[in-house]
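Inspection log for the structure reproduced underneath, given as structure tokens.
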């Protein structure tokens with residue numbers, strides 16, 4: 001293990017700030033940051049050697065990758081935590097706007113949904129990556145969930161069960177299996193993975209994540225979070241009978257009282273199926 005990865009891991013273990021899930025996510029982010037700094041050419045770093053140029057290089061990389069504003073802000077929070085622990089808070093600007101990071105927009109009526117095409121899948125050469133992408137599209141899974149999932153264990157007949165250790169925030173959940181397409185994708189995933197996950201036996205999660213990222217970049221498959229937006233909008237239409245505002249449907253303010261109640265229940269269902277604790281987050285995917 002490289003020195004920086006090891007030092008940051010020790011720092012996390014010695015400073016257990018926040019909940020268990022927060023601690024786990026922080027350690028994961030900082031491990032990723034250490035790897036990316038090495039890839040950016042900053043070798044032989046120690047935890048105490050964090051400098052403004054390191055932060056700027058990371059932000060530029062994240063922006064070039066097209067990461068969501070919320071993801072970048074979360075990573076910036078962990079960088080500030082690191083800087084605080086080494087008493088170098090001034091290494092990072094107080095305002096994210098200094099780096100050109102926009103304010104997070106929770107609700108817009110511009111659809112970010114994208115469908116996974118057969119042509120895209122045809123350019124993916126790793127069967128595990130291809131299957132993870134198909135599960136994302138079919139069930140609205142996050143990237144990590146689609147890689148760590150053990151399809152045989154997750155298949156509960158009419159439900160797809162996700163373990164807390166696979167999910168963001170450690171929230172286990174169930175997603176209904178509603179149609180033949182989902183059943184077919186899940187059965188094929190089970191056939192590929194056997195009793196294991198969609199991480200090959202000779203690889204770690206980090207190894208497979210890097211392979212996934214490389215495969216998607218090489219195949220031109222970008223904005224994969226759009227698969228969750230697509231799932232949310234299709235699911236909303238099933239539950240309400242009309243399209244979501246982001247997909248050209250009526251605005252919430254234009255609904256009748258009866259329709260608003262249907263809308264409220266649908267948003268709650270979609271939010272839970274996507275793994276969010278707050279129904280209001282459904283607006284990110286559905287619009288208002």
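So, in region 160-173, of the ones that are touching a strand residue (DSSP E or B) at 6+ places or on another chain (Cβ under 6 Å) and touching a residue at least 24 places away in the same chain (Cβ under 8 Å), which residue ends up farthest from residue 25 (Cα to Cα)? Of everything passing the filter in region 160-173, 160 is farthest from residue 25 (Cα to Cα). Scanning region 258-288 for residues that are in a loop (DSSP other than H, G, I, E, B) and more than 20 Å from the chain's Cα centre (by Cα) returns a single hit, 288. So which residues in region 258-288 are in contact with a helix residue (DSSP H, G or I) (Cβ under 7 Å, 6 or more places away or on another chain), on the phi < 0 side of the Ramachandran plot and buried (at least 21 other Cβ atoms within 10 Å of the Cβ), if there are any at all? Those that are in contact with a helix residue (DSSP H, G or I) (Cβ under 7 Å, 6 or more places away or on another chain), on the phi < 0 side of the Ramachandran plot and buried (at least 21 other Cβ atoms within 10 Å of the Cβ): 263, 266, 267, 270, 271, 274, 282, 285, 286. Across region 1-31, the qualifying residues are those that are in contact (Cβ under 8 Å) with a residue 24 or more places away in the chain and assigned to a loop (DSSP other than H, G, I, E, B), and the one among them that is surrounded by the fewest Cβ atoms within 10 Å (Cβ to Cβ) is 17. Being touching a residue at least 24 places away in the same chain (Cβ under 8 Å), under 30 Å from residue 56 (Cβ atoms) and under 20 Å from the mean Cα position of the chain (by Cα), is that true of even one residue in region 118-140? Scanning region 118-140, I find no residue that is touching a residue at least 24 places away in the same chain (Cβ under 8 Å), under 30 Å from residue 56 (Cβ atoms) and under 20 Å from the mean Cα position of the chain (by Cα), so the answer is no. Kindly check whether there is at least one residue in region 32-42 that is over 15 Å from residue 99 (Cβ atoms) and exposed (fewer than 14 other Cβ atoms within 10 Å of the Cβ). Yes - at least one qualifying residue is present in region 32-42. Of all the residues in region 32-46, those that are touching a residue at least 12 places away in the same chain (Cβ under 8 Å) and assigned to a loop (DSSP other than H, G, I, E, B) number 5.
Read-outs: derived from the displayed coordinates by stated rules, not from any lab. Computed from a predicted structure; not experimentally measured. Neighbour counts are summed over all protein chains in view; Cβ atoms, including those assigned to glycine, are modelled from backbone coordinates with ideal geometry.
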